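Only one structure is covered here, and it is reproduced in the block below.
The values are calculated or read from the model by the stated rules, or taken from the named source; none is laboratory data. These figures come from a predicted structure and were not determined experimentally. Note that each Cβ is placed from the backbone with ideal geometry, even for glycine, and that neighbours are counted across all protein chains shown.
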């Protein structure tokens, strides 16, 4: 019986590789929106706003010359102090995000392994997510010492939810039959987690990461507003100072750079995601 | 076998399969065919009766290919060896052999999304073959494939069956597939699942495509079809 010759029959074709490729046309859309945005900005700062309010919104070229092209002037004006503040906030955002990732993903793993724990913790996660940080600041100030710790806590509170919910959703997304394959081999819970659930969760984890990364930057800026001390302050505190002193060009420069930080972090995780799962993750656009 | 909610899925089902035997079960949807496999593989605990099987040496082929999309063909085929904690060089050697057996050479580094349905099923077969199980359980593995691919994979599986000499328990909806593959065909009725007819298939292996058009083949299919109609009533 075992002497039969095994000659496999001819095989059907491999499905051709069709992936999203970036092309020149992908940049035209954003460029058009940018020009429209600049146009509207000019419209407001030169025509729409009444004369006495125009100092609030300097024209784009004034922002470039007074905000971006002045390196240092006085104690707080110029690009250098803005960049120092930005770096200070970026550090808080990144450390906070790292804490969020470790804590959030561990929590999701625990929740995925126990229906009871999932039920027990879910309402509180939603509560943290929906509680306005502004309302929590007095409590944070009273309970925790140290500006840096307070700022980190704000970041963690704001960025936590998307990581937990997306990781949990991903961990629970593996097929029943895939689970049964592991059951049949007597795989341990740990093996199942590492070799099945975690890889299956990666696309969702990256979605959560991108959202949380953006939120971590927001959290850092918001934290700066409420928790600051002498010396170099975060970009949020810096923005608050510019607002108080009615320094429009510096204010807008700081806002643009803070948004850029959020964008850079978002793009970075998009890049990591493509590197990590781009080869196998299927994107369906329906056309 | 009775489920928690009281549905009796299997009643008085008795069968034994030896090495070199390929037994196929046909029956209406929901008659408990799959339950039979799930009890045999211990995915479901039986509530009565006995089941004697070498559980350390089961190959289970699911309805869908159940490949891990994040693993290449080669890494997918290695999976079960990996779960049995074989070392890397050993797994790679076994996987290469299995890939060779199902004719997927040259596709080792492709991801499942790049493969057609038939090729995914081949990869799935190769994965079950790696540990050279003595018992193979097939839960309608080719049900979702087109006719031609299905026939090709039937031939493929028969070659593997002759090569490895395992004991096979195969579930299908297709009478032709059942007769073509098996040494024995069982017909089940629904609620509770009972074996209402047993047919020995007399054709010698290796079987070839043309067997499907022999009068004796057609006659046997007719008898089974008749029994199945009885099962539906």
- Query: For residue B:136, which of the numbered conditions (1) touching a residue at least 12 places away in the same chain (Cβ under 8 Å); (2) crowded, with 18+ Cβ neighbours inside 10 Å; (3) under 26 Å from residue A:201 (Cβ atoms) fails to hold?
  - Reply: (3)
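So which of B:65, B:98, B:126 is buried (at least 20 other Cβ atoms within 10 Å of the Cβ), in a helix (DSSP H, G or I), within 11 Å of another protein chain (Cβ to nearest Cβ) and out of contact with any strand residue (DSSP E or B) (no Cβ under 8 Å at 6 or more places or on another chain)?
B:126
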- The listed residue being out of contact with any helix residue (DSSP H, G or I) (no Cβ under 8 Å at 6 or more places or on another chain) and in a loop (DSSP other than H, G, I, E, B), out of B:93, B:85, B:110: B:85
- Task: Give A:133, A:154, A:102 a once-over and let me know the one that is at negative phi and at pLDDT below 90.
- Result: A:133
- The lone exception for residue B:52 - which of (1) away from chain A (no Cβ under 12 Å); (2) outside any helix (DSSP H, G or I); (3) touching a strand residue (DSSP E or B) at 6+ places or on another chain (Cβ under 9 Å) it fails: (3)
- Query: Which ranges mark the helices (runs of 4 or more DSSP H) fully within region A:166-278 that have 3 or more residues being crowded, with 20+ Cβ neighbours inside 10 Å and in contact (Cβ under 8 Å) with a residue 60 or more places away in the chain?
  - Reply: A:198-226, A:235-245, A:248-277
- Filter region B:159-170 down to the residues that are in contact with a helix residue (DSSP H, G or I) (Cβ under 9 Å, 6 or more places away or on another chain) and surrounded by 20 or more Cβ atoms within 10 Å (Cβ to Cβ), then identify the one that is nearest to the other protein chains (Cβ to nearest Cβ). B:159
- Message: Consider region B:35-57. How many of its residues are touching a helix residue (DSSP H, G or I) at 6+ places or on another chain (Cβ under 8 Å) and surrounded by fewer than 21 Cβ atoms within 10 Å (Cβ to Cβ)?
- Response: 7
- Query: Can we say residue A:94 is surrounded by fewer than 20 Cβ atoms within 10 Å (Cβ to Cβ) and under 18 Å from the mean Cα position of the chain (by Cα)?
  - Reply: yes
- Item | Condition check for residue A:79: modelled with pLDDT under 85, closer than 26 Å to residue A:237 by Cβ, more than 14 Å from chain B (Cβ to nearest Cβ) and within 30 Å of the chain's Cα centre (by Cα) | yes
- Selection from region B:209-228 of residues that are surrounded by fewer than 14 Cβ atoms within 10 Å (Cβ to Cβ) and out of contact with any helix residue (DSSP H, G or I) (no Cβ under 8 Å at 6 or more places or on another chain): B:210, B:213, B:214, B:215, B:216, B:218, B:219, B:222, B:226
- Item | Meets criteria (farther than 19 Å from residue B:62 by Cα, at pLDDT below 90 and out of contact with any helix residue (DSSP H, G or I) (no Cβ under 7 Å at 6 or more places or on another chain)) for residue B:202 | yes
- Task: Filter region A:173-189 for residues that are more than 9 Å from every other protein chain (Cβ to nearest Cβ) and under 18 Å from residue B:81 (Cβ atoms) and give the result.
- Result: A:188
- Message: Looking at region A:31-56, I want the residues that are within 16 Å of residue A:256 (Cα to Cα) and have a partner that is modelled with pLDDT under 85 and assigned to a helix (DSSP H, G or I) with Cβ atoms under 7 Å, at least 6 apart or on another chain. Which pairs are those?
- Response: A:56/A:248
- Query: Residue check: is residue B:85 within 11 Å of chain A (Cβ to nearest Cβ), surrounded by fewer than 16 Cβ atoms within 10 Å (Cβ to Cβ) and within 22 Å of residue A:198 (Cα to Cα)?
  - Reply: yes
- For region B:139-149, the count of residues that are in contact with a helix residue (DSSP H, G or I) (Cβ under 7 Å, 6 or more places away or on another chain) and surrounded by fewer than 21 Cβ atoms within 10 Å (Cβ to Cβ) equals 3
- For region A:118-135, state whether one or more residues are within 14 Å of chain B (Cβ to nearest Cβ), over 30 Å from residue A:240 (Cα atoms) and touching a residue at least 12 places away in the same chain (Cβ under 8 Å). no
- Message: If I filter region A:76-96 for residues that are over 22 Å from residue A:202 (Cα atoms) and in a loop (DSSP other than H, G, I, E, B), do I get at least one hit?
- Response: yes
